[in-house]
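Structure first, then comments.
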Amino acid sequence: SFLVPYLIMLFVEGMPLLYMELAVGQHMRQGSIGAWRTISPYLSGVGIASVVVSFFGTIYYNVINAWSFWYLFHSFQDPLPWSVCPLNGNHTGYEEECEKASSTQYFWYRKTLNISPSIQETGGVQWEPALCLILAWLMVYLCILRGTESTGKIEQLANPKTWVNAATQIFFSLGLGFGSLIAFASYNEPSSNCQKHAITVSLINSSTSIFASIVTFSIYGFKATFNYESCLNKVILLLTNSFDLEDGSVTASNLEQVKDYLASTDPSRYSEVFPLIKNCSLESELDTAVQGTGLAFIVYTEAIKNMEVSQLWSVLYFFMLLVLGIGSMLGNTAAILTPLTDSKLITSHLPKEAISGLLCLISCAVGLVFTMEAGNYWFDIFNEYAATLSLLLIVLVETIALCYVYGLRRFENELQAMTGRALNWYWKAMWACVSPLLIIGLLLFYLSDYILTGTLQYQAWDATQGQLVTKDYPAYALAVIGLLVASSTMCIPLVALGTFIMYRYKRGDTAPVA
């Protein structure tokens, strides 16, 4: 049910908008701020909004690399530390929290995050994840110093949120709206075939995403089946011991009949045991989908621990995550550094190395918030709200600005002169009509969904139950969410207004033109 919206979004949003941003960067030869200022002085805010979103991304995304380092370092242990539950303090059994959850969940929530019961209970900075975060930022800074040039179901279809999620996945995986594509394309030769690059990157990116989803759903099925069978075995063991039944007399196939028989023949004892009997359901296990960081650090580790030579696969997997994560970080930092280094005012006082160092230092200092006991809750806030709405709005303004402010025909002629290739009807139709109309529809769906949802909620870890529970965000968390969204989206109208006022009162009545 997700694949259909995903493929539609790929061809009507992802591929056309990727080509548009690559073409703008290659033609304007500047970062996001300078490129959109060239198109119109009123549009400088579009580039600034992209920089703000990218800055939010750099702050929280590198925490994933820190967690990858943490798991990578622990992957050399035998057995893997998340493969078994640790003993309790008395060495008479396993930790209660781990028994109620699972060994992979316990290692993630307790050993890695040491997570608090709610966002209100902030706790202190966890020094081990903090050191891993510092190491991750050091790696990013060293890579930056090398330079950019050398870095090589039907009801679900009717659910607007499915389409918003599909569009968001396309935007994030291709990097649309962050300004990184414009920054990287500004280093291209003017004659480069950016149309071919856009098509190739889009298809390869989506093919690998679809292949990864097949692997992911296979692991989901494995985990659900494993948990279901484990649940059945615990119930069978409980009934066998409680009623002194013969070993092997109770199986998964006759479990329900045995439960009915015991309830009718020995109701008093069965009523005592009944609260301890879990309701095992394969369907509920399949419906309990883990998303985001839980996918990488809970579901995949669940599969890895059951593989032969699990340490080797663990090292390879988390090294792969690090390579992907560092690559994504280089894109985000390039989206920030390119506009900054384009500014003669800044580069006249600070060399590029110092600018890069300050960016990494500030981002690392702010990112330490995510290593606190409540840090994962703040991570989820940034991951959920820092970019989704902002990216939709940024890309919408970009398409409207290029087609109706700068002029589609004008850009078409310049693009043909630059690359020697004419712009066909598909690209023009997507840029001028289909893509912006679809983005407007997605924005309306996105806003209406959150309005109808009411109070925003989050998933908190309950150690006593060994599972996630739903809680309402406190007022100050809602204020931070509003600030995250407003700080990027409001750059566009405020900068346009400021530009108008500046030209109006500092240069007479002459206003800037595109």
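The values are calculated or read from the model by the stated rules, or taken from the named source; none is laboratory data. Here the structure is a predicted model, which means the values were calculated and not measured. A quick note on method: Cβ atoms are made from the backbone with ideal geometry, for glycine too, and the neighbour counts reach across all protein chains shown. What goes into the accessible areas is simple: the full protein's heavy atoms, side chains included, and nothing from ligands, DNA or RNA. Shrake-Rupley method; radii C 1.70, N 1.55, O 1.52, S 1.80 Å.
Has the stretch 370-377 got at least one residue that is farther than 22 Å from S186 by Cβ, open to solvent by 20 Å² or more (accessible area, probe 1.4 Å) and within 20 Å of the chain's Cα centre (by Cα)? Checking the stretch 370-377: at least one residue is farther than 22 Å from S186 by Cβ, open to solvent by 20 Å² or more (accessible area, probe 1.4 Å) and within 20 Å of the chain's Cα centre (by Cα). Across the stretch 398-440, the qualifying residues are those that are buried (at least 17 other Cβ atoms within 10 Å of the Cβ), under 23 Å from the mean Cα position of the chain (by Cα) and aliphatic (A, V, I, L, M), and the one among them that is farthest from S32 (Cα to Cα) is L438. Regarding L359, is this residue closer than 30 Å to A66 by Cβ, out of contact with any strand residue (DSSP E or B) (no Cβ under 8 Å at 6 or more places or on another chain) and open to solvent by 50 Å² or more (accessible area, probe 1.4 Å)? Criteria not met by L359. With respect to the stated conditions, Q26 fails to be over 22 Å from the mean Cα position of the chain (by Cα) and open to solvent by 10 Å² or more (accessible area, probe 1.4 Å).
Where helices (runs of 4 or more DSSP H) fall entirely within the stretch 167-269, those with at least 2 residues that are open to solvent by 40 Å² or more (accessible area, probe 1.4 Å) and not acidic (D, E) are at 194-242, 255-265. Contact map, the stretch 170-189: first residue within 12 Å of G31 (Cα to Cα), second residue basic (K, R) and open to solvent by 10 Å² or more (accessible area, probe 1.4 Å), Cβ cut-off under 6 Å, separation 6 or more or different chains; pairs are S186/R29. I'd like the full set of residues that are of a type outside the set (S, T, N, Q) and either within 24 Å of K100 (Cβ to Cβ) or surrounded by 12 or more Cβ atoms within 10 Å (Cβ to Cβ) (or both), limited to the stretch 451-461. Matches in the stretch 451-461: L456, Y458, A460, W461. The condition (being touching a strand residue (DSSP E or B) at 6+ places or on another chain (Cβ under 6 Å) and either closer than 19 Å to I115 by Cα or surrounded by 14 or more Cβ atoms within 10 Å (Cβ to Cβ) (or both)) is satisfied by just one residue among T470, T464: T470.
Within the stretch 402-410, the presence of at least one residue that is within 30 Å of P16 (Cβ to Cβ) and among the β-branched types (V, I, T) is confirmed.
Of the residues I394, I355, I400, the single one that is more than 15 Å from V46 (Cβ to Cβ) and of a type in the set (V, I, T) is I355. Taking the stretch 128-143 on its own, how many of its residues are open to solvent by less than 70 Å² (accessible area, probe 1.4 Å) and aliphatic (A, V, I, L, M)? Selection size over the stretch 128-143: 5.
Scanning the stretch 311-350 for residues that are of a type outside the set (A, V, I, L, M) and under 23 Å from M28 (Cα atoms) gives G331, N332, T333, T338, P339, T341, D342, S343, K344, T347, S348. Listed conditions (1) assigned to a loop (DSSP other than H, G, I, E, B); (2) open to solvent by 40 Å² or more (accessible area, probe 1.4 Å) are all met by L80, apart from (2). For the stretch 379-397, the criterion of being more than 30 Å from S103 (Cα to Cα) and open to solvent by 40 Å² or more (accessible area, probe 1.4 Å) is satisfied by at least one residue. The combined condition, being part of a helix (DSSP H, G or I) and either under 18 Å from H27 (Cα atoms) or out of contact with any Cys (no Cβ under 6 Å at 6 or more places or on another chain) (or both), is fulfilled by R409.
Suppose we keep only residues that are modelled with pLDDT of 85 or more and of a type in the set (A, V, I, L, M) within the stretch 325-345. Which one would you say is surrounded by the fewest Cβ atoms within 10 Å (Cβ to Cβ)? Only one residue tops the list, namely I326. For the residues A66, A49, the requirement of being at pLDDT 95 or above, in contact with a Cys (Cβ under 7 Å, 6 or more places away or on another chain) and surrounded by 22 or more Cβ atoms within 10 Å (Cβ to Cβ) singles out A66.
Rundown of residues vs (1) at pLDDT 85 or above; (2) over 30 Å from S83 (Cβ atoms); (3) of a type in the set (S, T, N, Q), yes/no style:
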| position | (1), (2), (3) |
| --- | --- |
| S314 | yes, no, yes |
| V323 | yes, no, no |
| E353 | yes, yes, no |
| S356 | yes, yes, yes |
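With respect to I298, determine if the residue is in contact with a Cys (Cβ under 7 Å, 6 or more places away or on another chain) and open to solvent by less than 30 Å² (accessible area, probe 1.4 Å). The answer is no for I298. Pairing each residue of the stretch 315-328 that is farther than 16 Å from T293 by Cα with any residue that is outside any helix (DSSP H, G or I), provided the two are 6+ apart or on different chains, yields C-beta distances under 6 Å for V315/S75. Applying the set (1) closer than 28 Å to S328 by Cβ; (2) in a helix (DSSP H, G or I); (3) of a type outside the set (V, I, T) to C98 leaves exactly one unmet item: (1). Counting only helices (runs of 4 or more DSSP H) that fall entirely inside the stretch 309-406 and contain at least 1 residues that are of a type in the set (D, E) and in contact with a helix residue (DSSP H, G or I) (Cβ under 7 Å, 6 or more places away or on another chain), the qualifying elements are 310-342, 352-367, 388-400.
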